[in-house]
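Nothing in this text is a laboratory measurement; each read-out follows from the coordinates by a stated rule. Worth saying up front: this structure is predicted, and the values here are computed from it rather than measured. Ideal geometry is used to build each Cβ from the backbone, glycine not excepted, and the neighbour counts take in all protein chains shown.
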Amino acid sequence: MITESLEEYLHEHIPLSKAMQVSVIEANLNKVVLSAPLLPNINHIGTAFGGSESAVAILAAWSLLHVRLDSAGIPCTIIIQRHSIDYEQPVPKDFTAQAHLTKPEGWERFIRTLEAHGRARINISSNIKCDAQQAASFEGDFIAIKPDSQPHSSQA
């Protein structure tokens with residue numbers, strides 16, 4: 001099952017996700033939904049720390065690209081190049097981040113570029129919600145790099 005294996009992967013390879021108690025609610029080729037409890041992500045005024053919201057939004061977006069590439073059988077290193085987040089209202093309870101491709105029609109071009117050049121960039125969006133209310137919106141550019149395209153380090 002994608003959901004369980006993704007959560008295990010995140011907790012093992014991105015330890016911050018375990019410390020934040022992030023759980024995978026849904027994971028498929030169209031969206032990834034992560035949830036995080038307030039308590040390990042709380043700030044000094046009793047709402048979610050903005051950095052936690054940002055981290056969960058990034059994790060959801062990164063996870064969507066990971067799931068899509070994994071299901072296509074394309075091993076890659078995924079890194080975030082840039083992102084922005086708009087905080088729209090405080091988050092006083094547990095929250096979720098739902099990621100989706102910003103422009104789904106760009107997926108085929110992304111794959112063609114990745115196959116041709118060994119690396120490609122794609123934009124992914126996430127929405128932070130609390131009690132079904134929009135609390136923040138995230139957008140980020142992610143780079144996928146095929147293993148044979150990564151520079152090799154040399155020893156001196």
Notebook entry, point to check: Considering THR96, THR102, which residue is surrounded by fewer than 17 Cβ atoms within 10 Å (Cβ to Cβ) and either of a type in the set (Gly, Ala, Ser) or in contact (Cβ under 8 Å) with a residue 12 or more places away in the chain (or both)?
Noted result: THR102
Item checked: Search result, residues across region 64-99 that are more than 23 Å from ILE42 (Cβ to Cβ) and of a type in the set (S, T, N, Q) -> SER71, THR77, GLN81, SER84
Checklist line | Residue count, region 29-39 (criterion: of a type in the set (A, V, I, L, M, F, W, C) and either part of a helix (DSSP H, G or I) or surrounded by fewer than 23 Cβ atoms within 10 Å (Cβ to Cβ) (or both)) | finding: 4
Margin query: Yes or no: region 40-52 includes at least one residue that is under 13 Å from the mean Cα position of the chain (by Cα), buried (at least 16 other Cβ atoms within 10 Å of the Cβ) and either part of a strand (DSSP E or B) or in contact (Cβ under 8 Å) with a residue 60 or more places away in the chain (or both).
Written below: no
Next item on the list: For region 40-63, state whether one or more residues are closer than 19 Å to GLN134 by Cα and among the aromatic types (Phe, Trp, Tyr).
Entry: yes
Notebook entry, point to check: In region 64-83, what residues are more than 22 Å from ILE25 (Cα to Cα) and either more than 13 Å from the chain's Cα centre (by Cα) or among the β-branched types (Val, Ile, Thr) (or both)?
Noted result: GLY73, ILE74, PRO75, CYS76, THR77, ILE79, ILE80
